[in-house]
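Below: one structure, written as structure tokens.
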Amino acid sequence: MEVTAEIEALVGPGCVDGLDFEAIETAVRRKALAVAARAVERRLNADTFDHAGPSLPCPGCGNAARYAGRHDKTFTSVLGELRLSRAYYHCDGCQAGFCPRDRALGVEDTSLSPAVIRMTGKTAAMVSFAESSELLSELAGVAVDAKQVERTAEALGREIAEDERNVVEPATPGAPTMYLGMDGTGVPMRGLRVAGAAGQAGRRQRQDARGQARHGLERRGEGQGRHPRARRGLRQLLGRHRERRHAGHR
């Protein structure tokens, strides 16, 4: 009803031929997402089962962390901002606290939802941090500044590096024979560079240069084992994260 009323107010009575369609669809999308965000926010905040008793083992040191009430935090999601209330536990030994629900929802140590992290990682792997911020705002309506894009991309990079160290693809043996080739060629030289040289003054000359190239007996490419590149590693990491989240819900 709320979205319908917003549409009626935007369009108004009469003929629709002269309306700014882009303005209408953008405004309606923003309103629809805001309504969905409030519904998700209410549903998550209504569940207080993350309060698991007066104490929980601290994930850092294992000592008992005491329950210290519910703490609110605003997260950026694809629906917009969500203000979530979570049970908070504080460890006197570590002098640090944690919220069990943050880990369950995949938002531990971040203010971005898993979907926004995935979008940020994909755009940052293709364009600059500033351009990523602009794309997220323009295409998804998500406000993530360039510095936050940078921090998120670097955190994903560290996860990818750790993931590759733990999940290394089996490598096939290298080429049994390697060849070292040398070749000579001529490089044009400016007259100024050779001025005064016997027999070369005032004339453009060539300077010998040698290049080296190593060639494998076998053709590189198909079947060779090497670490995935950044984008491929990102896809694999995000895919594994999604599989683990789905497994945890079953």
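The values are calculated or read from the model by the stated rules, or taken from the named source; none is laboratory data. As the structure is a prediction and not an experimental result, all values here were calculated from the model. Because the Cβ atoms are built from the backbone with ideal geometry, glycine has one as well, and the counts that use them run over all protein chains shown.
Scanning the stretch 68-84 for residues that are in contact with a Ser or Thr (Cβ under 9 Å, 6 or more places away or on another chain) and at positive phi gives no hits.
Per the listing Ala5, Ala52, Ala65, the residue uniquely farther than 23 Å from Ala143 by Cα and in contact with a Ser or Thr (Cβ under 7 Å, 6 or more places away or on another chain) is Ala65. Residues in the stretch 62-75: is at least one under 14 Å from Arg103 (Cβ atoms), of a type in the set (Gly, Ala, Ser), assigned by TED's automatic domain parsing to the domain that holds Arg101 and surrounded by 15 or more Cβ atoms within 10 Å (Cβ to Cβ)? Yes, the conditions are met somewhere in the stretch 62-75.
Within the stretch 9-29, identify whether any single residue is within 27 Å of the chain's Cα centre (by Cα) and under 30 Å from Leu139 (Cβ atoms), and answer yes or no. Yes, the stretch 9-29 contains a residue that is within 27 Å of the chain's Cα centre (by Cα) and under 30 Å from Leu139 (Cβ atoms). Ala34 passes every criterion in (1) of a type in the set (A, V, I, L, M); (2) touching a strand residue (DSSP E or B) at 6+ places or on another chain (Cβ under 8 Å); (3) under 30 Å from His90 (Cα atoms) apart from (3).
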